[in-house]
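In what follows, a single structure is set out as structure tokens and then discussed.
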Amino acid sequence: MAYNKKNYNKRAQFIIEVYKSAKHSDVPDTKIIKTVFPKHNIFISYRQWMNIKGMPIPKSEPQVQLSLFGA
């Protein structure tokens, strides 16, 4: 799915939201990766998860289309 950085960021945000909803102090990351992620059609390795977890996710801001002619 991630053909460009924008799609990759959207997918990473979705994965982090699923992680935050399932994470508690007594639940390890490996259990979330093995049991919770596949329920949401997320099939990633532990290494991929650590890369996503460590990357800064930019906030989604509404894009404004520039116009050539003032409207």
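The values are calculated or read from the model by the stated rules, or taken from the named source; none is laboratory data. Keep in mind that this is a model prediction, so the values were computed, not measured. Don't worry about glycine lacking a Cβ; one is built from the backbone with ideal geometry, like all the others, and counts go over all protein chains shown. The area values use the complete protein model at the heavy-atom level, side chains included, leaving out ligands, DNA and RNA. Shrake-Rupley method; radii C 1.70, N 1.55, O 1.52, S 1.80 Å.
Numbers at a glance
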read-out: Subset of the range 1-18 that is of a type outside the set (S, T, N, Q) and closer than 13 Å to Lys53 by Cβ - its residue that is most open to solvent (accessible area, probe 1.4 Å); value: Glu17
read-out: Residue satisfying all of: in the range 19-45; over 14 Å from the mean Cα position of the chain (by Cα), of a type outside the set (Lys, Arg) and open to solvent by 100 Å² or more (accessible area, probe 1.4 Å); nearest to Asn7 (Cα to Cα) among these; value: His24
